[in-house]
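S.K.: Take a look at the following structure, please.
The values are calculated or read from the model by the stated rules, or taken from the named source; none is laboratory data. What you see is a predicted model; the values in this text were computed from it and never measured. Here the Cβ is made from the backbone with ideal geometry for all residues, glycine too, and neighbour counts use every protein chain on show.
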Amino acid sequence: MATNDGIQTFAETVVSKITNEVDDQQSDAIRQYLSKKTAWISPNEEQFDALVNLLKKRLDEGHGEIILEIGTGVTDAESPGLLIDEMEASVATLKSMQAVLDSEVQLLREKSVSNNTRYINEYLIRRHIDQEDFMEVRVAVTGNVDAGKSTLLGVLTHGLLDDGRGIARQKLFRHKHEMETGRTSSVGNDILGFDVQGAIVNRPDTHGNQALDWTDICQRSAKVVTFIDLAGHEKYLKTTVFGMTGHAPDYAMLMVGANAGVIGMTKEHL
């Protein structure tokens, strides 16, 4: 004969099983909903919360920033794109999540499909970060001598075009013999800062040698890309290897000169 405790335990087990089955069914329904390209068009409260949780998870995985594509889905991948009114409704939903996510939403690019009747938009979503903190990405720049590594970094970080005589790379050189020869012989560093909306904050100092104020850039940036400018000459290979290993870069950028191709130290760095 079953006791009251046994009946209660059995009843709790049945209720728990039914609840789990209902939750699983709801989870499946939500997963199917999130996989549709129309998920952002006028969601109900439950669907809105699911979208917020999805973005929170992706922001955590992306260390505070992600690129979201609206207008594509998994279940309807064969017919990408949204009509103009559908896209406007989807963007309104995304914009309404900014406060909940404590983030900024910025349009990166938009493209049209199906004879310009449907649209796909990409948005940068970046969390607000305390003024004392920022995300950092380190990029080691490698390649053969005269491939244009220092010139490219000078253009990117100082916001000026090269004059064909090395004015851009002069911004990065630290030693007199580097300025005279035009070749990097040491490990150089420069930074490129982005605010929460994805805009560049680098502004060269108007005094002295137009040097960048790293403190000011870091204070106004939500994300900082640190470029590690490495020597390309075979003579400085040990210095280059030291810079690669000692600075613990997240990415490596291999520069290939369009006029020379993959030659010399390019193969060694690769």
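S.K.: Across segment 155-186, which residue is surrounded by the fewest Cβ atoms within 10 Å (Cβ to Cβ) among those that are of a type in the set (Val, Ile, Thr) and at pLDDT below 80?
M.R.: At the first step, the residues of segment 155-186 found to be of a type in the set (Val, Ile, Thr) are 155, 157, 167, 181, 184.
Cutting the leftovers down to at pLDDT below 80 gives us 167, 181, 184.
Working: ILE167: 15, THR181: 12, THR184: 26.
Going through the qualifying residues, I end up with THR181.
S.K.: Could I ask something else about it? Would you mind stating whether LEU160 is of a type in the set (A, V, I, L, M) and either over 28 Å from LEU55 (Cα atoms) or assigned to a strand (DSSP E or B) (or both)? Full working, then the answer.
M.R.: Details: of a type in the set (A, V, I, L, M): yes; either over 28 Å from LEU55 (Cα atoms) or assigned to a strand (DSSP E or B) (or both): yes.
Judged against the criteria, LEU160 is a match.
S.K.: Could I ask something else about it? Go through (1) surrounded by 14 or more Cβ atoms within 10 Å (Cβ to Cβ); (2) at pLDDT below 85 and name the single condition ILE228 misses.
M.R.: Single failed check for ILE228: (2).
S.K.: Just wondering, is there one or more residues in segment 205-216 that are at pLDDT below 75 and either of a type in the set (D, E, K, R) or closer than 27 Å to VAL105 by Cβ (or both)?
M.R.: Initially, segment 205-216 is screened for residues at pLDDT below 75, giving 205-212.
Going one step further and asking which of them are either of a type in the set (D, E, K, R) or closer than 27 Å to VAL105 by Cβ (or both), we end up with 205.
Yes, segment 205-216 contains a residue that is at pLDDT below 75 and either of a type in the set (D, E, K, R) or closer than 27 Å to VAL105 by Cβ (or both).
S.K.: Quick check: is even one residue across segment 247-262 in contact with a Phe, Trp or Tyr (Cβ under 8 Å, 6 or more places away or on another chain) and charged (D, E, K, R)?
M.R.: no
S.K.: Okay, moving on. Consider segment 130-154. How many of its residues are modelled with pLDDT under 85, under 30 Å from THR93 (Cβ atoms) and among the β-branched types (Val, Ile, Thr)?
M.R.: Residues flagged as modelled with pLDDT under 85, under 30 Å from THR93 (Cβ atoms) and among the β-branched types (Val, Ile, Thr) within segment 130-154 amount to 0.
S.K.: Kindly list, by first and then second residue, each pair from a residue in segment 72-99 that is exposed (fewer than 12 other Cβ atoms within 10 Å of the Cβ) to a residue that is modelled with pLDDT of 90 or more, limited to pairs with Cβ atoms under 8 Å and residues at least 6 apart or on different chains.
M.R.: As it stands, the answer is ILE84/TYR119; LYS95/VAL105, since those pairs meet every condition given.
S.K.: Another one. Against the conditions (1) within 21 Å of THR239 (Cα to Cα); (2) surrounded by 20 or more Cβ atoms within 10 Å (Cβ to Cβ), where does ILE125 fall short? Just the number, please.
M.R.: The failed condition is (1).
S.K.: What number of residues within segment 238-262 are surrounded by 15 or more Cβ atoms within 10 Å (Cβ to Cβ), among the aliphatic types (A, V, I, L, M) and within 16 Å of GLY188 (Cβ to Cβ)?
M.R.: Counting residues in segment 238-262 that are surrounded by 15 or more Cβ atoms within 10 Å (Cβ to Cβ), among the aliphatic types (A, V, I, L, M) and within 16 Å of GLY188 (Cβ to Cβ) gives 4.
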